[in-house]
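Note sheet for the following structure.
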Amino acid sequence: MTRKRAALLAGLLLLIAAPWFTTGTQNDFIGDILIYSLFALSLNILIGQLGLLSFGHGTFYGLGGYAAAFMLLKASHSLWFMFAVVIAVSALASLVIGYFALLSRGMAFVMITMAISQLFYIVAVTAYKITGGVDGLTSIPRPELFPGSDEIQWLSLSGTTGFYYLCLVIFLLGLGILYRLRRSPLGAAFEGIRENEERMRSVGYPVARYKLIGFVLSGTLAGIAGALSVIQLGFAGPTAFFWTTSGEVILAVVIGGASTLFGPVIGSVVFLSLFRFIGQYTEHWRLFVGIVFVALVMFAPGGLGDLWRRRKDRAAQG
Amino acid sequence: MALLIEQAVNGLQLSMLLFLISSGLALTFGMMQVVNLAHGSLYMLGAFIGLAAHAASGSFVLGLAAGALATALCGLVLEQMLFKPLYPRGFHAQALMTFGLIFFFDELVQIIWGADIKSLTVPAALDGTTLIGGATVSLYRLFLIGCGLLLALVLAGVFTGTRLGAVIRACVDDREAAESLGLQVPRVFTLVFVVGAALAGAAGFLAVPLFTAFTGMGNDTLILALVVVVLGGMRSVLGAFVGSLVVGFSLSIGQILIAGYANAVVYVVLAIVLLVRPAGLIGGEAR
């Protein structure tokens, strides 16, 4: 098998085996990376494939989170029911929001997505009786795989390990979906739209519909990621809706590289690791991220993934 | 009647403060069509540096001057090193780069000045209230209204009545034609950017007695400034003035009627305006 496949397989095995050689918090951290990667991967359908810079992707991350919170707090503890609702809510929201947002292009699209995100932030903060306001919703219980029946201990989602595997499974599913998407005619159409929208339209592609499909797919995955995040923390708050949250996930995508499948994953690893590890030495890690990001945009807009590919190309030539 | 005057003053003061804050963005984003999400960071820098100068000297005027000059200098450095290379690369790159700057400046401010919320007492000359038509009005708010109106007059005067204004408008409207006429477009852009930065910094300092100064204060303001500029049609400072009035009064009236949701109205209006102009804001024409 190729080196790349071997590396991926090794990575997969490591991820599967993680709970055996990591501590609880380390395991949680890997889970956080998986969740955030899913968030970043979902955004990359818009940024990397369709070429749409959405500064409001946190909207769906937040909506998925709050949907999960409401379900677990008020309705049932069933994982399946919760996910059904999360997917429905995210898909519907991204359909409606996407329809209107995609009516605009370029910088206007950036700003509309930003405005919509802020709108949700204000509602989330102001409607504190429903949403818990600035403090959010707390003590959210973990969902159950088999609601009602006696818990099978090792399948329990209440502990770190069980939930970690849930995240891993969903992450792999998401990755798989995106992998297939990139290789599908739809994915090719997305890239075509990114490269030259007018030409795609003149050739007969229903560009607006494709963009909306991409938006809905993207928003739904983000909602799922948001739900996982809320379950992980047991807490849902309005900061997901603040536009800087959307900016941060853009950072993750661009750092890792928007043009590759794993770019957003790499970016998420870098971003969250910086947070955690540099965060131990200095709480001012944001300073470095800011500098790195500015430098990336100026000199390596393709992100780390692109830098890596360029190094490989140069090595191949030399 | 007194209530009406109070509301009018409130709305006007908020509008003028918004104008002060967004005038810089109107110049860079509206006229030059350069995306600068770090406009809020410049606003924040002006507040903090101005506060430091004020703390050192005890003078409000010195604080204001220091804030404005420091951000002007900062704007100069940023424009030359970071923005200039990105002008041809478009708004995508500019938006991303300036977002990175937000991270950097938010943290820088926190490192230098700590995470506390800083406030500023109004200078003695402007402290106190006065009676207008039976309504009690804060002098400082009147001062802000005066500043905003003065700025509007100065900017309008420069753009319509001076050669510099004409030169700026020429460079912004049609870069190539301006260059072929011999105008130093890069220098003009730098000037506009630096002035925009200085205005942001000054507004930051002036706003402290009302809104205090804290890390990340620019992030809330940026969005409002963006709304104002977009509402105003992007192309002129007059437009930003009108936009400020609309947003300022919507917010102050909204706060009476729908309390916390008042801010939401602003974003709804923004979304509607953006939808009505689906072709986008940069470039003007439909892509």
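When the P(r) of the stretch A:1-149 is calculated, the portion above 27 Å amounts to 39% of the C-alpha pairs. Within the stretch A:7-93, all pairs of alpha-carbon atoms sorted by distance into 5 Å bins from zero give the percentages 3, 12, 15, 17, 17, 17, 14, 5, 0.
Of all the Cα-Cα pairs you can form in the stretch A:26-241, what percent are over 23 Å apart?
Working: 10770 of 23220 pairs.
The proportion of pairs with Cα distances above 23 Å equals 46 percent.
Sequence-ordered 3J(HN,Hα) estimates for the stretch A:161-172 from the Karplus curve with 6.51, -1.76 and 1.60 and θ = phi - 60° stand at 5, x, 5, 4, 5, 4, 4, 4, 4, 5, 4, 5 Hz, glycine and proline given as x. Computed over the alpha-carbon atoms, the protein assembly as shown gives an Rg to Rh ratio of 0.99, Rh here being the Kirkwood radius from the mean inverse distance.
Taking the Cβ-Cβ separation of residue B:177 and residue A:5 as r and a Förster radius of 41 Å, what is the calculated FRET efficiency to the nearest 0.05?
Numbers: r = 56 Å, r/R0 = 1.38.
Taking R0 as 41 Å, the efficiency between residue B:177 and residue A:5 is 0.15.
Taking B:23, B:59, B:41 in turn, the Gaussian network model of chain B (Cα-Cα springs below 10 Å) assigns the largest fluctuation to B:59.
If you rank B:106, A:306 by fewest surrounding Cβ atoms within 10 Å, what's the result?
A:306, B:106
Put simply, the amide H of residue B:129, placed in the peptide plane, has neighbours under 5 Å in B:139, leaving out anything fewer than 5 places away on its chain.
Our summary of shape: the Cα atoms of the stretch B:39-155 have principal axis extents of 55, 34, 21 Å, ordered from largest down, in whole angstrom.
With the simple spin-label model, which puts each label point 7 Å out from Cα in the Cβ direction, the residue B:81 to residue A:156 separation comes to 5.5 nm. Working note: Debye formula, equal point scatterers on the alpha-carbon atoms of the stretch A:232-285, no solvent; log10 I(q)/I(0) at q = 0.15, 0.31 Å⁻¹ is -0.52, -1.02.
Roughly speaking, what % of Cα-Cα pairs in chain B are separated by over 29 Å, rounded to a whole number?
Values: 13436 of 41041 pairs.
In whole percent, the long-distance tail amounts to 33.
Each 5 Å bin from 0 upward holds the following percent of the Cα-Cα pairs of the stretch A:118-257: 2, 8, 12, 15, 16, 14, 13, 9, 6, 3, 1, 0.
Bridging of residue A:312 to lysines at a Cα separation below 18 Å is possible for A:4, once same-chain residues fewer than 8 apart are set aside. Using Cβ point charges alone (K and R +1, D and E -1), the dipole size of the protein assembly as shown about the Cα centre works out to roughly 1520 debye.
Rounded to the nearest whole Hz, the Karplus-based 3J(HN,Hα) values (6.51 cos²θ - 1.76 cosθ + 1.60, θ = phi - 60°) of the stretch B:159-174 follow the sequence 6, 9, x, 10, 5, 4, x, 5, 4, 4, 4, 5, 4, 6, 6, 8, with x at glycine and proline.
Whole-percent P(r), the stretch B:126-168, all Cα pairs, 5 Å bins from 0: 6, 22, 16, 14, 11, 10, 9, 8, 5, 0.
Which value, in Å³ per residue, describes the convex hull spanned by the Cα atoms of the stretch A:217-309? Present the calculation step by step, with values, prior to reporting the outcome.
Working: hull volume 10.6 nm³, N = 93.
Spelled out: Cα convex hull of the stretch A:217-309, divided by residues, is 114 Å³.
Rg and Dmax, both from the Cα atoms of the stretch B:15-104 and both in Å, are 14.1, 44.
In this label model, residue B:4 and residue B:220 are separated by 3.2 nm, measuring between points 7 Å along each Cα→Cβ vector. Listed by chain and number, the lysines placed with their C-alpha closer than 17 angstrom to that of residue A:129 are A:74; residues fewer than eight positions away on the same chain are left out. For the stretch B:53-63, putting each phi into the Karplus relation 6.51 cos²θ - 1.76 cosθ + 1.60 with θ = phi - 60° gives couplings of 5, 5, 5, 6, 10, x, 9, 5, 4, 5, x Hz, in residue order, rounded to whole numbers and with x for Gly and Pro. Its residue count N fixes a reference of 2.2 N^0.38 Å for the stretch B:31-79, and the Cα radius of gyration divided by that reference is 1.24. For chain A, modelled as a Gaussian network with Cα springs under 10 Å, which listed residue fluctuates most, A:228, A:38, A:15? With Cα springs under 10 Å in chain A, the top fluctuation among A:228, A:38, A:15 is at A:15. Computed from the C-beta positions of residue A:146 and residue A:274, the FRET efficiency with R₀ = 41 Å rounds to 0.60. Scattering from the stretch B:163-287 was approximated by placing one identical point on each alpha carbon and applying the Debye formula without solvent; log10 I(q)/I(0) at 0.10, 0.13 1/Å stands at -0.42, -0.69. Derived value for the stretch A:74-122: Kirkwood hydrodynamic radius 12.4 Å. Basis is the mean of 1/r over every pair of different alpha-carbon atoms.
For the stretch A:74-163, what is the per residue volume of the convex hull drawn over the alpha-carbon atoms, in cubic angstrom? Working shown, then result.
Numbers: hull volume 12.1 nm³, N = 90.
About 134 Å³ per residue, rounded to a whole number.
The separation of the stretch B:144-222 from the stretch A:83-128, counted between C-alpha centres, amounts to 32 Å. Taken along the Cα-to-beta-carbon direction at a fixed 7 Å, the label points for residue A:84 and residue A:310 span 5.0 nm. The Cα-based radius of gyration and maximum Cα-Cα distance (Dmax) for the stretch A:186-254 are 16.0, 49 Å.
FYI, it's all coordinate maths here, none of it is from the lab. All values reported here derive from a predicted model rather than from experimental measurement. Glycine also receives a Cβ, built like all others from the backbone with ideal geometry; neighbour counts cover every protein chain displayed.
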